[in-house]
Amino acid sequence: MSTASPEMQAYYAARVPYYDAVYLKPERRRDIEFLAGHLPSRFAAREVIEVACGTGYWTQHLAPRVARMVATDGTAEPLAFARLRPGSAGVTYRQADAYALPPDLGLFDGAFAGLWFSHVPLAARTPFLVGLHRHLRPRARVILIDNNDIQLRDFPITETDADGNTYQHRTLRDGSVHRVLKNFPGERALRDLVAPFADAVDYRGLENFWLLEYELR
Ligand SMILES: C[S@@+](CC[C@H](N)C(=O)[O-])C[C@H]1O[C@@H](n2cnc3c(N)ncnc32)[C@H](O)[C@@H]1O
């Protein structure tokens, strides 16, 4: 199954030069500081695959603490930006579709995706996770983080499709308007989703983000 969205990838490619502005919003500072300390500690000394790493904002925090870091994204432009970040020398960057991760990436005991899961269509959630799990050893630790619905203040939902996916219209600095699938799963939906294959499920609601951590059974 390929659910890759060329429309969304074009949007993120164009946004690369100023993507990191999302991490500079004053109202997010407390959450970002917490996550920048918490996430590396949860992956310390593990072999970690990151999905949809974008410009490598979280990669730069994880890389110094892990045993091996493979950071993937479906789009070339954010990867090019990520490769230039200080501290990236030990990271293997690969262009890879999150829904069809290449078999030669190997096996990992950690997996991370930041601000990605909200872009996964409802019908693709389980297939995405099943595909990711194929690259993980038993007892691997998985962490997903994403925006909670406070983000709707900046980008209200403009459309809902027949499957229940929600969309926002986002305007880039060049004035172009992009339709972006963005879902807002709640704690119950996330717990139900991972229940068939996860132990030690932990959900945390922060001011601006949610965090879901589990251990693959
Ligand atoms: C919201 S950004 C998240 C970037 C980064 N993880 C972060 O937290 O800052 C979403 C990323 O998903 C990537 N992307 C979109 N479709 C993808 C796909 N099918 N496979 C892998 N990455 C994809 C985009 O290129 C973009 O970098």
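Residue count for segment 195-217 satisfying the condition of being within 17 Å of Ser41 (Cα to Cα), in contact (Cβ under 8 Å) with a residue 12 or more places away in the chain and either open to solvent by 50 Å² or more (accessible area, probe 1.4 Å) or not hydrophobic (A, V, I, L, M, F, W, C) (or both): 6. Residue-level check: of (1) away from the ligand (no atom under 12 Å from the Cβ); (2) in a helix (DSSP H, G or I); (3) in contact with a strand residue (DSSP E or B) (Cβ under 6 Å, 6 or more places away or on another chain); (4) under 21 Å from Tyr12 (Cα atoms), Ala63 misses just (4).
Taking every residue in segment 21-42 that is over 14 Å from Trp58 (Cα atoms) and of a type outside the set (A, V, I, L, M) and pairing it with any residue that is assigned to a loop (DSSP other than H, G, I, E, B) and open to solvent by less than 30 Å² (accessible area, probe 1.4 Å), at least 6 positions away or on another chain, the pairs with Cβ-Cβ distances below 8 Å are Glu27/Asn208; Arg28/Asn208. Residues that are open to solvent by 10 Å² or more (accessible area, probe 1.4 Å) and under 21 Å from the mean Cα position of the chain (by Cα) within segment 173-184 comprise His178, Arg179, Leu181, Phe184, listed in sequence order. One residue stands out in segment 75-85 among those that are surrounded by fewer than 20 Cβ atoms within 10 Å (Cβ to Cβ) and touching a helix residue (DSSP H, G or I) at 6+ places or on another chain (Cβ under 6 Å): the one that is nearest to Trp58 (Cα to Cα), namely Arg85. Scanning segment 124-150 for residues being without any contact (Cβ under 8 Å) to a residue 60 or more places away in the chain and either buried (at least 19 other Cβ atoms within 10 Å of the Cβ) or among the small types (Gly, Ala, Ser) (or both) gives a total of 1. The set of residues from segment 1-36 being more than 17 Å from the chain's Cα centre (by Cα) and not in a helix (DSSP H, G or I) comprises Met1, Ser2, Leu24, Lys25. Taking segment 66-76 as the range and being assigned to a loop (DSSP other than H, G, I, E, B), small (Gly, Ala, Ser) and under 20 Å from Ala100 (Cα atoms) as the test, only Gly74 passes.
Within segment 165-176, the set of residues being part of a loop (DSSP other than H, G, I, E, B) and touching a residue at least 12 places away in the same chain (Cβ under 8 Å) comprises Asn165, Leu172, Arg173, Asp174, Ser176. Give me a count of the residues in segment 6-59 that are within 11 Å of the ligand (Cβ to nearest atom), closer than 21 Å to Pro102 by Cα and open to solvent by 40 Å² or more (accessible area, probe 1.4 Å). Adding up the residues that qualify gives 2. Name the pairs whose Cβ atoms lie under 7 Å apart, with the first residue in segment 64-80 and closer than 15 Å to Gly114 by Cβ, the second among the β-branched types (Val, Ile, Thr) and near the ligand (Cβ under 7 Å from one of its atoms), and 6 or more positions between them or separate chains? So the pair list comes out as Thr72/Val51; Pro78/Thr55. Taken together, the residues in segment 86-102 that are touching a residue at least 12 places away in the same chain (Cβ under 8 Å), open to solvent by 30 Å² or more (accessible area, probe 1.4 Å) and over 18 Å from Met8 (Cα atoms) amount to 5.
The values are calculated or read from the model by the stated rules, or taken from the named source; none is laboratory data. Keep in mind that this is a model prediction, so the values were computed, not measured. Don't worry about glycine lacking a Cβ; one is built from the backbone with ideal geometry, like all the others, and counts go over all protein chains shown. Only protein heavy atoms, including side chains, enter the accessible area calculation; ligands, DNA and RNA are left aside. Shrake-Rupley method; radii C 1.70, N 1.55, O 1.52, S 1.80 Å.
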